[in-house]
Amino acid sequence: MAAADAAIPAVFKPLRSIGRSTLGALRMVGGVGMFTLRGVASVFTPPWFPNQLLRQLVAIGFFSLPVVGLTAIFTGAALGLNIYTGGGRFNAEQVMPQIVALGITRELGPVLAALMLAGRVSAAIAAEIGAMRATEQIDAMRTLSTDPFRYLVAPRLLAATLVLPLLTLIADIIGVAGGWLVAVRILDFNATIYMRNTMNFIQGWDVGSGLIKAAVFGFIVALMGCYHGYNAKGGARGVGRATTHAVVSSAILIFASDYFLTTLFTHA
Amino acid sequence: MGLLVLVLAAGFLVYSLTVGGVGSKPGGYDVTAKFGQVGSLAPGAAVSVAGVKIGTVSEIKLDPKTFLAVARLSLDPEVKLPSDSTAKITSDSLLGGVHVAIAPGGAADDIKPGGEIDNTQGAVDLFGLIGSVMRPQGDPAATPPATAPAPAANPAATAPDSY
């Protein structure tokens, strides 16, 4: 290596940093890919830990309900007001129920529920597993011949993938309720007709495609939390860094995969 | 907190299913109206009497026998329409957006829920109307403004009060 370094002219020095970061990025992609494969494999192969799964279902699902509900109701209300104002520019205020329902079920319900989960759950997973890594509990677990993937990663992956669609369903309902509240209380819509327009307009696939998205987002959230926690380095600071990385990377992956999934769903 | 959210969501779901579900309609009542041409009328469009909204168009389908468009209107139960009322599809503005305007008649009996409005006037094809005015003139240099003669040239197909 030293001989090769000496042979490189100084002009090419900046290129080396580009190469180094490219290799680092590829290593990261490979690492995440391998981690994903191991995680999925451990979900489908015994031994399973049902108690862990149950605990994660409650922690990820049930305790996320308040934050998801609040997000959904305010988003639905704001969306309703905006669509009413925008629709008014060409005398189309009456399409408000339909567009609120479509926007919530196809896009905002899954994405916002996933983002709240990224903030709440991905960070918690990364901190928990990162702290276990920092205090060498993961190594201890391995010496006790318990696979940390099966005991820690698999229940979280499975729980988040199962539970985020359910949370999204709740977010859909509460989001539409937010729009409905604004329409009825402030904009003088008829409550019955608003609701009937929504129910007549909405199709199974509008909700279904959102739920499929939500399952993918749930997997991403848990995966990023586990990956960054599992690979946390350097004690308390490393745990903090892992938490940040988990939240940021899962948010970015949620948005990116949302775009591609939407392309798939709208063109297919 | 989580339970509260679940309960609220379940409550609203039950409400929306009872209100919007198929068959059940505690709030409004439905009448139908057949039109020769609905234009861009779509479910969700308003139904009004004297400019005041009294309901919405809930469904539009084609009668395969008569080739007429059948619009189902769900109306406010407080508004009872005389049986000889007229339903007319009119534009909200020149840029699309149509609604059903109902001119109440003078008959003593009302249209029952599930009944039909017999007197209807379909949507006016604005561009067809302009074209029919402009083409027969035969003199493109001296074409009069299309707005003024349009109602006069075809008095049968008027929708003048909406423009």
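Name every residue in the range B:53-84 that is over 28 Å from B:L129 (Cβ atoms), away from every other protein chain (no Cβ under 11 Å) and not in a loop (DSSP other than H, G, I, E, B), in order of residue number. Across the range B:53-84, the qualifying residue is only B:P82. A single member of A:M224, A:M199 is at the interface with chain B (Cβ under 9 Å from one of its Cβ atoms), assigned to a helix (DSSP H, G or I) and of a type outside the set (V, I, T), and it is A:M199. Condition (residue is within 13 Å of chain B (Cβ to nearest Cβ), within 30 Å of A:L81 (Cβ to Cβ), not aliphatic (A, V, I, L, M) and not in a helix (DSSP H, G or I)) applied to the range A:166-181: is it met by at least one residue? Scanning the range A:166-181 turns up no residue that is within 13 Å of chain B (Cβ to nearest Cβ), within 30 Å of A:L81 (Cβ to Cβ), not aliphatic (A, V, I, L, M) and not in a helix (DSSP H, G or I). Would you mind stating whether B:A46 is within 17 Å of B:A123 (Cα to Cα), in contact with a helix residue (DSSP H, G or I) (Cβ under 9 Å, 6 or more places away or on another chain) and within 11 Å of chain A (Cβ to nearest Cβ)? So B:A46 passes the test.
Just to verify a result, which residue in the range A:48-80, among those that are away from every other protein chain (no Cβ under 14 Å) and in contact with a helix residue (DSSP H, G or I) (Cβ under 6 Å, 6 or more places away or on another chain), is nearest to A:V184 (Cα to Cα)? Here the answer is A:G80.
All told, B:S48 falls short of being part of a loop (DSSP other than H, G, I, E, B) and under 11 Å from the mean Cα position of the chain (by Cα). A:Q98 meets the conditions (1) closer than 21 Å to A:I186 by Cα; (2) surrounded by fewer than 18 Cβ atoms within 10 Å (Cβ to Cβ) in every case but one. The failed one is (2).
Scanning the range A:184-193 for residues that are more than 9 Å from chain B (Cβ to nearest Cβ) and crowded, with 18+ Cβ neighbours inside 10 Å turns up just one, A:F189. When the range A:228-243 is filtered for residues that are part of a helix (DSSP H, G or I) and surrounded by 13 or more Cβ atoms within 10 Å (Cβ to Cβ), the ones remaining, listed by number, are A:H228, A:G229, A:Y230, A:G235, A:G238, A:V239, A:G240, A:R241, A:A242, A:T243. Among the conditions (1) small (G, A, S); (2) under 24 Å from A:G178 (Cα atoms); (3) modelled with pLDDT of 85 or more, the only one that B:A87 does not satisfy is (2).
The values are calculated or read from the model by the stated rules, or taken from the named source; none is laboratory data. Note that the structure is predicted; figures quoted are calculated from it, not measured. All Cβ positions, glycine included, derive from the backbone under ideal geometry; neighbour counts span all protein chains shown.
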